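Here's the structure, in structure tokens; my notes come after.
The values are calculated or read from the model by the stated rules, or taken from the named source; none is laboratory data. Predicted model only: the values in this text are computed from it and were never measured. Cβ placement follows ideal geometry from the backbone for every residue including glycine, while neighbour counts extend to all protein chains displayed. With ligands, DNA and RNA removed, areas are computed over all heavy atoms of the protein, side chains included. Shrake-Rupley method; radii C 1.70, N 1.55, O 1.52, S 1.80 Å.
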Amino acid sequence: MRARSTLLAFLLALGLAHSATRALAQTAPCEQIATTCRSAGFVQGGAQVGNGLVIDCIRPIVQGTPARRKATLPVPQISPQLVAACKTSNPSFGAVAQQPPPQAPANAVNIASLVQPSRLPRAERPNIVFVLTDDLALNLVPYMPHVQEMQTNGATFENYFVTDSLCCPSRSSIFTGKYPHDTGVYKNTGADGGYGAFVAHGNASQTFAVALQTAGYKTAMLGKYLNMYHPAVDGVQRGWSEWDVAGEAYREFNYILNQNGTTKNYGSDPADYLTDVLSGIADNFIRSTARDPFFIEIATFAPHAPYIPAPRDAGAMPGLTAPRTPAFNAAPDATAAKWLLAHTELTDAEIAKIDGDFRKRAQSVLAVDAMIARLKATLVATGKDRNTYLVFSSDNGYHMGEHRLMPGKMTAYDTDIHVPLIVTGPGILPGLKIAEVAQNVDLAPTFIELAGMTPPSGIDGRSLAPLMRGATVADWRDVALVEHRGPHDDANDPDAPILRSGNPTTYEAIRSNTFVYVEYADGEREYHDRVADPNELTNAFTTLSDEAKAALHAMLAAVQNCHDGNACQAAERSTFSVTRR
């Protein structure tokens, strides 16, 4: 009996040893890649400083994704045969762990069920082409002659602001017409950010695309959708007839597009430059749409860091430097918020980097401007220009040296929250300047109204269409709301602040034509009189009377807590006047 037991134990051990040997053989190629990465200096837990073992080395090698912008070490060269062997033995090696796509809440309402059918016959419904850039500040418009031509031929909103100077919260407001406190999207990543939060809060069924598609529009989403959208996993989203969307394609080359449910890898040839690829897809979409009205959103990654221009533009504008406004390298005043107060004077090396980055940003928008020229030419060639609105904007602004800050965003200063909104199309007076306060929450109801439908009352924003046509709206808003959650510390966020770029704590703010008022979560307050202090250099909050402070707080609280069109329109109206001590 003992001999039999010994034999069974021996056979079991032999089987386990064989299984272990087979498992080792299967994982050996992957382990060789990991060992090479370790030898090159990549370490487990190094993502924060740009040398993370998996995200900065293994993932780019095995999954074929571009290196992160924050990566600080070059990715070692690995033979294609070894990579293929690793992927055969372990296809998920190096992949970012994916959560199941979040499901919309059971009570999420489809916006199509809330809007009324279009009042316009199908043949009279206008087309809409929406060009949304990434991190494009107002100071880049002078380098875009075809955008300037749009200003000459159409309407410019002189006081247009975003609900947060951060990609995903801003884009969520654009899609839904709702403030961050109603979309639930406050960041680019994490439980309250990115694509996951957008879907989890039911926003996917409440976009203008769903409403337009219901009204008979062919809809196209091209380029950048939302942060943390993964082309190979998340698929085509509701409301879109055409879907050509990338993940993190900030380097403009070597990216993946999900094209109507099929993923396609693009390389590093000049023809693969993403802005040009999107331009070609948009051109084909316009030409192939014969009878149905259409809507296209072309969301470029340009000029987001790392600011990659088209190869043909890489030598443009030699010697160009960042604008030297009065705020450039200006010292914070003694009452500035603590997150800003500690910033010291920019060094010559830092200023040189800012100038180099600004030049690359200007170079990168040349391809966007060329795309606009191509789209306009295509509309003319197809006879669709007479019934097409062309809309140009940005998801947020960007500071570059102002207030002693290295390149970045997320502040409540105008460099970050005040962005272009320019519209051309039928019924718009050439050269029209619109002074009323507008926000990105207004785009969704505007698109819906242009299509001949009535925007639902659940949308926080309101249609800009009457203003675009030169009408005076007596009860228009007085303030725009900005909501920001911070500080940001996720190294995987493409907008993670670089050193000295500014990373404010959570704040709420309101911006009118004449002032900006900020309440930080740590109790600090900031007020700038935009008439006396247009560069926002002096925090005048302590000079205000107690009545003025109370009025500002009450106004901000009212807008911060509004949850539908009627409530928000009432909250955004102001009787505030400045009184000082």
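Which residues, counting only those in segment 266-280, are assigned to a helix (DSSP H, G or I) and in contact (Cβ under 8 Å) with a residue 12 or more places away in the chain?
Passing the criteria: Pro270, Asp272, Leu274, Thr275, Asp276, Val277, Leu278, Ser279.
So which residues in segment 272-299 are surrounded by 15 or more Cβ atoms within 10 Å (Cβ to Cβ), under 23 Å from Ala215 (Cα atoms) and of a type in the set (Ser, Thr, Tyr)?
Thr289
Give segment 391-418 a look and list any residue that's among the acidic types (Asp, Glu) and more than 17 Å from Ser173 (Cα to Cα), or say none.
Listed by number, the residues that qualify are Glu402, Asp414.
Say whether the condition of being within 23 Å of the chain's Cα centre (by Cα), open to solvent by 10 Å² or more (accessible area, probe 1.4 Å) and under 25 Å from Ile111 (Cβ atoms) is met by at least one residue in segment 465-479.
Residues of segment 465-479 within 23 Å of the chain's Cα centre (by Cα): 479.
Add one more test, that the residue is open to solvent by 10 Å² or more (accessible area, probe 1.4 Å), and what stays is none.
No: zero hits.
Working only within segment 520-553, note down all residues that are surrounded by 13 or more Cβ atoms within 10 Å (Cβ to Cβ), out of contact with any helix residue (DSSP H, G or I) (no Cβ under 7 Å at 6 or more places or on another chain) and assigned to a loop (DSSP other than H, G, I, E, B).
Listed by number, the residues that qualify are Ala521, Arg530, Asp533, Pro534, Asn535, Leu537, Thr538, Asn539, Ala540.
Could you give me the residue pairs with C-beta distances under 7 Å whose first residue belongs to segment 148-162 and is open to solvent by 10 Å² or more (accessible area, probe 1.4 Å), whose second residue is charged (D, E, K, R) wherever it lies, and which are 6+ apart or on separate chains?
Close Cβ pairs satisfying both conditions: Thr156/Lys433; Glu158/Lys433; Asn159/Glu436.
The rows are residues; the columns are (1) crowded, with 24+ Cβ neighbours inside 10 Å; (2) touching a Ser or Thr at 6+ places or on another chain (Cβ under 8 Å).
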| position | (1), (2) |
| --- | --- |
| Ser173 | yes, yes |
| Thr176 | yes, yes |
| Pro180 | yes, yes |
| Thr183 | yes, yes |
| Thr189 | no, no |
| Tyr195 | yes, no |
| Val199 | no, no |
| Gly202 | no, no |
| Ser205 | no, no |
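Here is a check on your reading of the model: is Thr183 polar (S, T, N, Q) and under 18 Å from Asn440 (Cβ atoms)?
yes
Which residues, counting only those in segment 428-451, are assigned to a loop (DSSP other than H, G, I, E, B) and small (Gly, Ala, Ser)?
Of everything in segment 428-451, those that are assigned to a loop (DSSP other than H, G, I, E, B) and small (Gly, Ala, Ser) turn out to be Gly431, Ala435, Ala451.
Return only the number of the condition from (1) in contact with a Lys or Arg (Cβ under 9 Å, 6 or more places away or on another chain); (2) under 30 Å from Asp192 (Cα atoms); (3) of a type in the set (D, E, K, R) that Asp475 does not satisfy.
The number of the failed condition is (2).
As an exercise: evaluate Thr454 against (1) of a type in the set (Ser, Thr, Tyr); (2) open to solvent by 10 Å² or more (accessible area, probe 1.4 Å); (3) not in a loop (DSSP other than H, G, I, E, B) and give the number of the one condition it does not meet.
Of the numbered conditions (1) of a type in the set (Ser, Thr, Tyr); (2) open to solvent by 10 Å² or more (accessible area, probe 1.4 Å); (3) not in a loop (DSSP other than H, G, I, E, B), the odd one out for Thr454 is (3).
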